[in-house]
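The values are calculated or read from the model by the stated rules, or taken from the named source; none is laboratory data. None of these values were measured; they are calculated from a predicted model. Here the Cβ is made from the backbone with ideal geometry for all residues, glycine too, and neighbour counts use every protein chain on show. These accessible areas exclude ligands, DNA and RNA; they are computed on the full protein's heavy atoms, side chains included. Shrake-Rupley method; radii C 1.70, N 1.55, O 1.52, S 1.80 Å.
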Amino acid sequence: MKKTVLLGAMAFAGLAAGAASAATLDDVKARGKLNCGVTVGLVGFAAPNANGEWEGFDVALCRAVAAAVLGDSTAVEFVPTTGKTRFTALASGEIDMLARNTTWTFSRDVDLKFEFVGVNYYDGQGFMVPKELGVSSAKELDGATVCIQTGTTTELNLADFFRSNNISYEPVPIETNAEAQQQYLAGACDVYTTDASGLAATRATFDDPANHVILPEIISKEPLGPLVRHGDHEWGDVVRWTLNALVAAEELGITSANLSEMAAGTDNPEINRLLGSEGTLGEMLGLDAAWAQNAIAAQGNYGEIFAKNIGEDTPVGLARGLNAQWTEGGLLYSPPFR
Amino acid sequence: MSTLTDPPKEQFRLSMLLYDTRYRSATIQVIAMFGFMLLAAWLINNTLSNLAAQDKAFDFGFFTESAGYDINQRLLDYTSRDSHLRAALMGLLNTLVVAVLGCITATILGVVIGVLRLSSNWLIARLMTIYVEMFRNVPVLLWIVFVMAILIETLPAPRAFRGENPEATMSLADSVAVTNRGVYIPEPLFTRSLGDVHLFGTSSLRFDVSLDLMVILAVLGLSLWGAHRVTLRANRIQEATGERPRTWHTRTGIIVVPTLLVLTALGFHLGYPELKGFNFQGGTHLRNSLIALWLALSLYTAAFIAEIVRAGIMAISKGQTEAAAALGLRSNRIMRLVVLPQALRVIIPPLISNYLNLTKNSSLAIAVGYMDITGTLGGITMNQTGRELECVLLLMLVYLAISLSISAVMNWYNEAVKLKER
């Protein structure tokens, strides 16, 4: 009897150990649902709307991946994570991918053993102050109280920026964007610092956005992008090429409006390969031929997603800037689909 | 006489392990131990294989790397270039500060409320009941967040103190500023300071000892000892002659004069906080994260301590009070000299648990952005280095060590005050 217990325990241990490293693509397909890590709430990027449905720029990427893999853009379980919990959630397998304004850095890629599959937003760290303080440059912030989300790259940049400019500050560590907003609006801190896109998104929710200025200094490079666990290359490829498909779709002029027309077949072989009417790209990824079609159908191409969630016509009001296509002077550049 | 023969030797059979009461408990224990060892082996094996699957090693090397982040409340000097170890040390000190402050305040509040709850004044007793029920039945995290929200939303920001006709002014003869970033109070300064002693050089464990403080403490200690001698002498005279000499003026003199002399010699003065730039500068800054955590933990734990004190007092037979009253003692002296000393033996053991709870609850500090050890080692360091296992293990060890120390001290105190039967 004892032997059975021992064998059972060993088998159990073996199973538990195996769980973390199994092929995520098969897991997602078997589960019929994608577990996608997002922020606990940043308007424009990821936040539940009035009906409790998640929407935003990062959310759209989760939906595109779900559509590419499962053919259903609603088959996503959104897992809200804070700056502190996100990496543990991904490493432990609680989520399949993280789409949460996370900066691609060397140590996260190499030491924390994650794989950044690309950049969906080129950002930089900025500062927001109330207009009445009369500050026009970040270098005038000597002695200011600064609200900062803990466990982020912005926290480290902040320390470096103030030290290298020989000015002092008082950090107020905060767990989530909502808490930072409360403290900032109550005047418990003079300055709120995070990625400039996050500042714009936060400011958009204020009653009086015009009374707050985002200072001109951008003190860091913050390439934000989705990431997956290191070592599962098939899954990494799926997420990477879904993101690329959205970017390429904009470049090739594929929109949600003309998608079905284009999918029928065009003169451009790259469009045909991307949308599956020619070649076997989907099969190579382990998905069906219409994978990219489904991904684009979910929320449109990169440009449409941008315009709908954070573009200039939305309250967040971000210009394309660096995030324009390479053909229009931006940094967005998808490797070719061939 | 018949010869006694040895009883037949019983054969040992395997089934006896289960059916013979002589062996059964041992059998169960052996099986349980095997089970426990299997569980432990499985946990370790699972951890190791998961670490291997993630390509991570178990090592504490990250401790010597530069932390890179700033900590607002630091009792020792610290910059963002210091190591993660020093950041953890700053966090540990912050944890200890809030734990010590909280335990002291909770005890004072708890004893007062516990005694008042037994008051014969109906209104006071009911008010205290309401207090206890209110704080006991709402999670402490909510109290912490609630207190913080009140501090932030109701108090004026530093910019309200600015201008010709400021909306807010400093209190206590312009020496204390109460803002929604915390309370600024005057700080002690010395014009003829003796300086600091630097211990442990430039290592992560370095700290400075202020010689001024050491001298003042030494003088104060000596004065207190002197005052104690005067009391002992008064006791002797009282026993010999029956008359107790007045000692309060000599004792006050012995305590106050040398300390005043030392303070004057060091050039003691107060540094007042002043509004400069964005914030108040100078003075001592009690951040509202500390105040919120301290207040909420104290108020919450005080409710439990009050109940313990009430139970302790009610455990003392009413005859004790009546006997003391018959001797002509007033009610507050009865409480102080007769009831409370006896109640302590009932009060102290559960009090230890509450001190431990308060200390462990201080790990909720991150809710208000107080940088305790959970915030530094278990928060930012863990997040920036990705060494979850190492950080959490260490964090558990630290809290275990703090808790065991509190237990040891309080148990020692319990031994000292418990009823000695002769």
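Rounded to 0.05, the FRET efficiency of the A:Glu77 and A:Asn49 pair, given R0 = 25 Å and the Cβ-Cβ distance, is 0.90.
About the centre of its Cα atoms, chain B shows a dipole size close to 1560 debye [charges on the beta carbon of Lys, Arg (+1) and Asp, Glu (-1) only; nearest 20 debye]. Placing a label point 7 Å from the Cα of B:Arg192 along the Cα-to-Cβ direction, the residues of segment B:257-288 with a backbone N closer than 11 Å are B:262-268.
Averaged per residue, chain B has 58 square angstrom of accessible surface, using a 1.4 angstrom probe with ligands and nucleic acids left out. Kindly compute the accessible surface that chains B and A hide from a 1.4 Å probe when together, both sides summed, and give it to the nearest 100 Å². The summed interface area works out to 3800 Å². Placing unit charges on each Cβ (+1 for Lys and Arg, -1 for Asp and Glu) gives the protein assembly as shown a dipole about its Cα centre, and among A:Thr314, B:Ser407, B:Ile185 the Cα reaching farthest toward its positive end belongs to B:Ser407.
Inter-chain neighbour count for B:317-325: the average number of beta-carbon atoms from partner chains within 10 Å of each residue's beta-carbon is 0.
With a Förster radius of 56 Å applied to the C-beta separation of B:Ala218 and A:Leu322, the computed FRET efficiency comes to 0.30.
For B:His228, the accessible surface of its heavy atoms amounts to roughly 100 Å² (probe 1.4 Å, protein chains only, rounded to the nearest 10). For chain A, the membrane-span-like helices by this rule, meaning whole DSSP H stretches whose C-alpha atoms cover at least 15 Å of axis and whose Kyte-Doolittle mean is -1.0 or above, are A:2-19, A:57-70, A:153-164, A:233-252; this says nothing about an actual membrane. Cysteine residues of the protein assembly as shown whose Cβ has no partner cysteine Cβ closer than 4.7 Å: B:Cys103, B:Cys391. Counting only other residues whose beta carbon sits under 13 Å from that of B:Ser175, what net charge do I get with K and R as +1, D and E as -1? Net local charge, B:Ser175 excluded: -3. Each residue was assigned an accessible area with a 1.4 Å probe, and for B:Lys360 the value is about 90 Å².
Projecting the Cα atoms of B:Leu337, B:Leu93, B:Ala416 onto the charge dipole of chain B, computed from C-beta unit charges around the Cα centre, puts B:Leu337 farthest toward the positive end.
In the protein assembly as shown, the portion of solvent-accessible area held by carbon and sulfur atoms comes to 61 percent [1.4 Å probe, whole percent, DNA, RNA and ligands not counted].
Globularity index of segment A:82-136 is 1.54 (Cα radius of gyration / 2.2 N^0.38 Å, N = number of residues).
Ordered by solvent-accessible area of protein heavy atoms (1.4 Å probe), largest first, the residues B:Glu390, A:Glu304, A:Glu53, A:Glu140 come out as A:Glu53, A:Glu140, A:Glu304, B:Glu390. Relative contact order, whole percent, for chain A stands at 21, derived from Cα pairs under 8 Å and 6 or more residues apart. For A:Glu222, nonlocal amide neighbours, meaning residues 5 or more places apart or on other chains whose placed amide H falls under 5 Å from its own, are A:Asp123, A:Gly124, A:Gln125.
Dividing the Cα radius of gyration of the protein assembly as shown by its Kirkwood radius returns 1.07 for Rg/Rh. Other protein chain C-beta atoms within 10 Å of residue C-beta, averaged over A:150-157: 5. Rolling a 1.4 Å probe over the protein chains gives B:Phe161 an accessible area of about 20 Å².
Long hydrophobic helices in chain B: the complete DSSP H runs spanning 15 Å or more by Cα along their own axis with mean Kyte-Doolittle hydropathy of at least 0.0 are B:21-53, B:84-117, B:122-136, B:140-154, B:211-241, B:248-266, B:288-314, B:340-361, B:388-417. Pairs over the 32 Å Cα-Cα cut-off, from the set B:Lys276/B:Lys360; A:Lys84/A:Lys221; A:Lys139/A:Lys308; A:Lys84/A:Lys308; A:Lys113/A:Lys139; A:Lys113/A:Lys221: B:Lys276/B:Lys360; A:Lys139/A:Lys308; A:Lys113/A:Lys139. Structural descriptor for segment B:294-422: relative contact order 26 percent, calculated from alpha carbon pairs under 8 angstrom and at least 6 residues apart. Near B:Gln281, within a Cβ-to-Cβ distance under 13 Å, what is the net charge of the other residues, with Lys and Arg +1 and Asp and Glu -1? Local net charge: -2. Taking all protein chains together and a 1.4 Å probe, the residues A:Trp235, B:Trp294, B:Trp248 rank B:Trp248, B:Trp294, A:Trp235 from largest to smallest accessible area.
For A:His233, the shell of other residues with beta-carbons less than 11 Å away shows a net charge of -2, using +1 for Lys and Arg and -1 for Asp and Glu.
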